[in-house]
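The next block holds one structure in the form of structure tokens; read it before the comments.
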Amino acid sequence: MKTNNKYTLRLSACALALILNPSHGIELFNGKVGNEHVKVSVGGYAKVDVRHVEGDIAYQDYWIGNFPGGEAIETSHTGFNVGESRLNMGVSIGEVSTFIEVDMYGGGGNEAVSNSTNLRLRHFFITYKNWSAGQNWSTFMPLHVIPESLDFGGPHVGEVFARQVQVRYTSGNWQFAIESPETIGDGDTDAPANAVGLTGVAADPDESTPDFVVRYNLDSQYGQYAFGSVIRLVDQGGVEEVTAAVNIAGKILLFAKDDLRFQLTAGKPGRYAAAGMTADVVEDPATQTLETESTLAYTVAYRHFWTETLRSTVFYGAAKTDILGRKRSHWAVNVIDTVAPRLDVGLEFGAYSINDDNIDSIDSNYIQASAKFAF
């Protein structure tokens, strides 16, 4: 009992000191518990967005690669939200650690009265030596090249973006992973595999083979680079095909603190690239047969520092598909300033455009103001 009381007092004192003097995250405890060395930390950020969208594409809190509403909708809408805000916690005991993170984009609530929202699980994984297992960013996704943006995630339409359960092994610059298989567009029920009581026809009868990802990371004095590939067995809706895609990404360090970021994805990434733009399996309008879709997606972003704290990013991301002829893009320019330790405020202006085959080109402009306090 005395040991527990001492532990609680040490934890509380450490937490108070770190809250009053925050650094990267808040370290609640770092010390011995019995014979084990234990570290506990919490972190996250609070982000407030005010966003106005004007044009022919329906309002969204942030753009991905989809077609909101499925048709042109004359739009003039202002939205307020804190959905991107998040909380995380890390615990390590000896050589084993775990990390969990949630944000506020879990749905629920309404804007009429409560404006409540459900939590959404983002990450929950275990790390031991060179191994990690659990829900994390896909190994195929190059996190270091995502532009600094106010729109949540930047130009999703030109990026690899996927988060899922996986088992990953890292050896030096190499990473190898098997990741959760999921095929979109096959017409199956597609109930989540983690549903309570999932059985019978509610379970997807296919998806027998995990996706395989290999990635090589290269760090140098000139920047960070990554070369990745994902190989999948698409065995749904009458289609059985091994598909592959590659991603080349880099963050080039320029003069002072400026940098240039880019990524290019080609092949048949399906759901991994241009989030929401295309299914893995589509019907060819010319032959009325099911085929796996090909996608070319790319993003380029330049960040310039005007002062030590004031900076701007201009970015452009785009993607196109082969069979369905979808062509979509997102550009923006912003200015962000760190006005106090860990407090950023900024303004961003940009547009999302859809120029798919067989429809008139449409777009919506947006302007967004944000404040973000990281802890």
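The values are calculated or read from the model by the stated rules, or taken from the named source; none is laboratory data. The structure presented is a predicted model; accordingly, all values stated were derived computationally and were not measured. In this analysis, Cβ positions are derived from the backbone assuming ideal geometry, glycine residues included, and neighbour counts consider all displayed protein chains.
Couple of notes before you dig in:
- When the range 57-71 is limited to residues that are in a loop (DSSP other than H, G, I, E, B) and surrounded by fewer than 17 Cβ atoms within 10 Å (Cβ to Cβ), the one that is farthest from the chain's Cα centre (by Cα) turns out to be GLU71.
- Of all residues in the range 286-322, those satisfying the criterion of being in contact with a strand residue (DSSP E or B) (Cβ under 6 Å, 6 or more places away or on another chain) and surrounded by fewer than 15 Cβ atoms within 10 Å (Cβ to Cβ) are PHE305, THR309, LEU310.
- Single residue of the range 336-375 satisfying the filter (outside any strand (DSSP E or B) and among the charged types (D, E, K, R)) that is farthest from ALA72 (Cα to Cα): ARG342
- Flag set for ASP280, criterion: touching a helix residue (DSSP H, G or I) at 6+ places or on another chain (Cβ under 6 Å) and of a type outside the set (Phe, Trp, Tyr).
- Answer residue from the range 251-280, given it is over 17 Å from the mean Cα position of the chain (by Cα) and within 17 Å of SER229 (Cβ to Cβ) and is surrounded by the fewest Cβ atoms within 10 Å (Cβ to Cβ) among those: ALA266
- Single unsatisfied condition, HIS77 versus (1) assigned to a loop (DSSP other than H, G, I, E, B); (2) of a type outside the set (S, T, N, Q); (3) surrounded by fewer than 17 Cβ atoms within 10 Å (Cβ to Cβ): (1)
- Condition check for GLU283 on (1) of a type outside the set (S, T, N, Q); (2) more than 25 Å from ASP211 (Cα to Cα); (3) surrounded by fewer than 22 Cβ atoms within 10 Å (Cβ to Cβ): one failure, at (2).
- Qualifying residue in the range 263-281 (condition: over 15 Å from THR321 (Cα atoms) and either in the same structural domain as LYS320 (by TED's automatic domain parsing) or assigned to a loop (DSSP other than H, G, I, E, B) (or both)): yes
- Answer residue from the range 117-131, given it is touching a Gly at 6+ places or on another chain (Cβ under 7 Å) and not β-branched (Val, Ile, Thr) and is surrounded by the most Cβ atoms within 10 Å (Cβ to Cβ) among those: PHE125
- Residue count, the range 323-335 (criterion: touching a Leu at 6+ places or on another chain (Cβ under 8 Å) and either under 20 Å from ALA72 (Cβ atoms) or surrounded by fewer than 17 Cβ atoms within 10 Å (Cβ to Cβ) (or both)): 1
- Answer from VAL213, VAL239, VAL234, VAL246 - the residue that is at pLDDT 95 or above and buried (at least 16 other Cβ atoms within 10 Å of the Cβ): VAL213
- Subset of the range 90-102 (residues that are crowded, with 18+ Cβ neighbours inside 10 Å and among the aliphatic types (A, V, I, L, M)): VAL102
- Restricting attention to the range 103-160, the residues being closer than 28 Å to VAL50 by Cβ, outside any strand (DSSP E or B) and under 17 Å from the mean Cα position of the chain (by Cα) number 20.
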